[in-house]
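Quick notes on the structure that follows.
The values are calculated or read from the model by the stated rules, or taken from the named source; none is laboratory data. Values in this document were obtained by computation on a predicted structure and should not be read as measured data. Here the Cβ positions follow ideal geometry from the backbone for every residue, glycine too, while neighbour counts run over all protein chains shown.
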Ligand code: MLT
């Protein structure tokens, strides 16, 4: 069993991509959301090491991964993941992504469907941004360029969780991210495709995990997906906000085990 928290780095697509690999079993990639890093999953990952061979990447620019000049898109981040899986000699895997990590997982499913055995969307959504949401992302990207990542931490913290301890923990994580990564990800999210057509004909296992108190992406977005793909497993966590893997690690781990 590989069960180390050690961060490894591999050069894929010309970028040093950091990742942790722990546990044993069927491969499962856990992708962090915005503007965060793989350590987001630490507590939940500890509950999954006997069930899965876990791969926890830092998306380009975040955590210990190197930054890349923007613009780039979700599809480029999916390519980074494919390169990482090639390096690890993993041909097929389940992938679960949190929020923006879900957008990357969807881009991966769009591009490399033959390489996945199941998909998990945690506090995420399939739809693309509406025009006003897209414009807001570009404004935020400009603000981050001028004032730093604190702009995003200020805007997001209270919406992530009602729990003050969780807020403080995640705020520290946001504040240590690099402005260039935050700007690049904002632009990538603004330009992401609508994944509704992909999911409406999706034939692999799909697990939707969503807090019913999510103030950032309402639980209705997960219900929308369930309504277009009734075979999806929807797990609604009562009282959870946008960060179920920190707020309710045990229940999050149980839901992800549906991908076994
Ligand atoms: C995230 O939590 O990854 C982002 O807030 C998602 C988004 O802004 O669409």
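Hey, among 234, 229, 259, which residue is more than 21 Å from residue 194 (Cα to Cα) and at pLDDT 95 or above?
Numbers: 234 fails: more than 21 Å from residue 194 (Cα to Cα); 229 fails: more than 21 Å from residue 194 (Cα to Cα).
Selected residue: 259, the only one of 234, 229, 259 that is more than 21 Å from residue 194 (Cα to Cα) and at pLDDT 95 or above.
If you go through the stretch 179-198 and pick out every residue that is away from the ligand (no atom under 16 Å from the Cβ) and surrounded by fewer than 20 Cβ atoms within 10 Å (Cβ to Cβ), you end up with 3.
Restricted to the stretch 17-39, and to residues that are within 14 Å of the ligand (Cβ to nearest atom) and outside any helix (DSSP H, G or I), which residue is surrounded by the fewest Cβ atoms within 10 Å (Cβ to Cβ)? Here the answer is 34.
Among the numbered conditions (1) over 22 Å from residue 209 (Cα atoms); (2) surrounded by 17 or more Cβ atoms within 10 Å (Cβ to Cβ); (3) within 13 Å of the ligand (Cβ to nearest atom), the only one that residue 144 does not meet is (3). Do we have any residue at all in the stretch 120-137 that's assigned to a helix (DSSP H, G or I), within 15 Å of the chain's Cα centre (by Cα), crowded, with 21+ Cβ neighbours inside 10 Å and within 13 Å of the ligand (Cβ to nearest atom)? Within the stretch 120-137, none of the residues are assigned to a helix (DSSP H, G or I), within 15 Å of the chain's Cα centre (by Cα), crowded, with 21+ Cβ neighbours inside 10 Å and within 13 Å of the ligand (Cβ to nearest atom).
Can you pull out every residue in the stretch 75-113 that is farther than 16 Å from residue 12 by Cβ, within 15 Å of the ligand (Cβ to nearest atom) and part of a helix (DSSP H, G or I)? 100, 101, 102, 103, 105, 106 - these are the residues of the stretch 75-113 that are farther than 16 Å from residue 12 by Cβ, within 15 Å of the ligand (Cβ to nearest atom) and part of a helix (DSSP H, G or I).
Please specify each residue of the stretch 159-169 satisfying the condition of being over 23 Å from residue 106 (Cβ atoms) and within 13 Å of the ligand (Cβ to nearest atom). Matches in the stretch 159-169: 161 only.
Could you tell me which of the residues 11, 50, 42 is more than 16 Å from the ligand (Cβ to nearest atom) and in a strand (DSSP E or B)?
Working: 50 fails: in a strand (DSSP E or B); 42 fails: in a strand (DSSP E or B).
None of the others qualify; the one that does is 11.
Mind checking which residues of the stretch 216-234 are within 15 Å of the ligand (Cβ to nearest atom), over 20 Å from residue 254 (Cβ atoms) and not in a helix (DSSP H, G or I)? Within the stretch 216-234, 216, 217, 218 qualify.
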